[in-house]
Amino acid sequence: MDGGAIFRPAANWSGEQVRFMTAGSVDDGKSTLIGRLLLDSKSLLTDQAAGLEGEDIDLAALTDGLEAERAQGITIDVAYRYFATPRTSFIIADAPGHEQYTRNMVTAASVSDVVVLVIDAARVEHGVLKPQTRRHAAVAALMGLDLIVAVNKMDLVGWSQERFDEVRTAFGDVAGVLGLRDIAFVPVSGKRGDNIVRRGEAPWYEGPTLVELLEQAPARASHAASPLRLPVQVVLRHGGGRLYAGRIESGAIRPGDRVRVGPGAVEASVAQVRVGGAGVARAEAGASVTIELTEDRDLDRGGVIADGGVRYARRVVADLCWLDEHAWTPARRYRLRQGALETQALIEGVRFVRDMGTLENAPASALKLNDIANVQIAARDPILGDLFTELPGTGAFVLFDPESNQTAAAGMIREIVE
Amino acid sequence: MRLAYEFGDALMGGEAFQAPALQTATTRLDRLEAEAVYILRELAFYERAALMFSGGKDSAVLLHLALKAFAPARAPFRLLHIDTGHNFAEVIAYRDARAKEAGLPLIVREVEDSIRRGSVRLAGPNASRNGAQAVTLLEAQQEFEFDALIGGARRDEEKARAKERVFSHRDAFGAWRPRAQRPELWGLYNRHIGVGENMRVFPLSNWTEADIWAYIARERIALPSLYYRHARDVVRRQDLLFPVTDLTPAAESEVVERLVVRFRTVGDITCTCPVESDAANAEDVLIETLGATVSERGATRMDDRANAAAMERRKLEGYF
């Protein structure tokens, strides 16, 4: 895309939508980079840009929205931003770099297709990455996101290819440990706008700009070809019949399909699939549908309409990111939500906690805010035995604290125990 | 009242609406619609949920989605409007007609009553009543014991909104505490509330103004006609046009002009300004929106101009 192109806000509202998040250590220039994306894609409207004219515009002020943040000069929560290129519309989840807010990064990652990790080229010395950079890469790996690394502030290191390669190598080592693959690297200057939307100065870099990489990033792989999982959010009554309303998390459904319903995995057949009240021939992952079954089955809110291979579990091993300021209490039962189901759950044991600085596993018996741990969990009611890597829609769960109602943890199922 | 579109769909009947044969939800509007329907169905969790319905375009889209989400059954919501008493008569007529057509009970509570009770005191007789809505809203919420209020707010509207959750937990005073927001993951929303607390829910969080107009065009959603071009008496103040009405007369020194305008938002008359426009329908407005250089609230809402953090402060005090 050449620098002269004018992007209208949301010019392509009928096109694809890519949701991505930004991450990176504090001061590595994340907010400035987002400000640059918004400004250069011309989606910034003039009143929001007021006060941003002049030589040294404060791009970070565009995203550091709340009064408290401006006072402290840090981003304290996830902010969502919108812009579009002629091909694609984007939603940015801007996650904070400050260490104590890792929970917000996990939040942003869970609703994103791809993550842009910003690394300050000027501050990677002797090939050592900052702990927060490693932590954020580890979260991206944990949550199964594709990764684009924006090597920022290249103007401060004289567009040194050597430095760019050094960052690449340093990150490559970390990526190897984490099992991250197919990572794209792009040298940028958020402050000057090089290789963000318009092409930059480095003659040695002939690859795509950041926006081009984002446009190429496929929306998170469609799960339409995966096994059917349709959690029932609500049962509607209509003309004496029962209709099951929910969102297809994976797979597809059409009238006549043989399915298994509820924790008993009872066989049933699909009489009708509706979207917005009208019958449709087929619906895929992502669609919110209403299903009518031919047979009368004991299926309620929280139950699941699934394919024939579905299996349920009462005990699983999961990676857990602790999100609550209150540490884990071993005796306490938490509320577990998977799909539309809520049940009680008990963390039976912590197998290890990942040290995000060294990326090593350490034995542990406690769980506190921002810990990422491998645990064994038992559920009161049967839950879907789906692995997060295969079925992210139903292989994920969250824990709520029944006393405070806070969201205590985000979980990803890794193994089925029984 | 002139409606820009006839009501073509019979959602409650369930069969007349034309849906595409294949529902993939990969393109933008399909993805946004499926997400909003999913969020609205999450509301079945609550005992007493109300959908904020003012007759404005965002609430019209919200109501349309709510009917779709529960079709062919009835949506389990009551409609609630906090009326400042300074609304355009046409918008009020549209509100009443649409609520009746949707078959959902409409509750209207007046800021005027809060003024009479003394819970709202205004700076002057013609002062904007927008901020006072928060007080009347809390009073209505307590009166009906609503445990969830559904709003049409979008994250692209304003900086403080950009950080808002889809399920935004409020304490017994209706206050929003940005630092205590619950993390929101994978659409596995945390709907739990304590005694006296409530949830504000925003199904249109990820929509932009352009998405709203594209959806209104696609779904043929009827709106009050003042969203489209019409001749109106206005005066120019600073760089804004002000409607000349009984409530907001021109000053003696001001020149009244009759211009062809439309409203981008229709709120309290005392703080809602039209823009010059030739847009006759939703497609025209969409095209204008795509070329817009001033954001929606900036062009038309005086109340947000007072201070860069105006919205953030009002939200902390319980504003929607």
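The table below lists the values:
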quantity: Calculated FRET value between A:Glu403 and B:Glu254, using beta carbons and R₀ = 56 Å, to 0.05; calculated: 0.40
quantity: Gyration tensor verdict on the range B:181-264 (Cα atoms; rounded if a/c is under 1.5, prolate if a/b is larger than b/c, oblate otherwise); calculated: prolate
quantity: Under the Karplus curve 6.51 cos²θ - 1.76 cosθ + 1.60, θ = phi - 60°, whole-Hz ³J(HN,Hα) for the range A:137-147, x wherever Gly or Pro sits; calculated: 5, 5, 5, 4, 5, 4, 9, x, 8, 6, 10
quantity: Greater than 22 Å apart at Cα, pairs in A:Lys130/A:Lys153; A:Lys191/B:Lys163; A:Lys30/A:Lys153; A:Lys153/B:Lys163; A:Lys368/B:Lys163; calculated: A:Lys191/B:Lys163; A:Lys153/B:Lys163; A:Lys368/B:Lys163
quantity: Which of A:Met105, B:Met52 has the fewest Cβ neighbours within 10 Å, and the rest in rising order; calculated: B:Met52, A:Met105
quantity: Under 11 Å, Cβ to Cβ, from B:Phe88 - net charge with Lys/Arg +1 and Asp/Glu -1; calculated: 0
quantity: In nm, spacing of pseudo-spin labels at A:Asp298 and A:Glu418 (7 Å Cα→C-beta vector); calculated: 2.3
quantity: Other protein chain Cβ atoms within 10 Å, averaged over every residue that makes up A:225-237; calculated: 3
quantity: Mean projected area (nm²) of the alpha-carbon convex hull when the range A:312-416 is viewed from all directions; calculated: 6.1
quantity: Gained length - B:Leu247 relative to B:Arg117, 0.36 nm times residue gap less alpha-carbon distance; calculated: 44.5 nm
quantity: Residues A:Ala327 and A:Val177, FRET efficiency given R0 of 30 Å [Cβ-Cβ distance, rounded to 0.05]; calculated: 0.65
quantity: Calculated FRET efficiency for the pair B:Ala180/A:Ser269, C-beta based, R₀ 30 Å, to 0.05; calculated: 0.05
quantity: Kirkwood Rh and Cα Rg combined as Rg over Rh, evaluated for the range A:368-418; calculated: 0.96
quantity: Rounded to whole Hz, the Karplus (6.51, -1.76, 1.60) HN-Hα couplings of the range A:235-251, x for glycine and proline; calculated: 9, 9, 9, 8, x, x, x, 10, 10, 9, 10, x, 10, 6, 7, 7, x
quantity: Environment charge at B:Arg117 (Cβ cut-off 14 Å; Lys +1, Arg +1, Asp -1, Glu -1); calculated: -2
quantity: Packing rank of A:186-199, A:359-372, where each peptide gets the mean count of other beta carbons within 10 Å, highest leading; calculated: A:186-199, A:359-372
quantity: The range B:50-155 - Rg over Rh from alpha carbon coordinates, Kirkwood radius; calculated: 0.98
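Computed from the coordinates by the stated procedures, all read-outs in this text should not be read as laboratory data. This is a predicted model, so every value here is computed, not measured. Cβ atoms come from the backbone with ideal geometry, glycine included; neighbour counts cover every protein chain shown.
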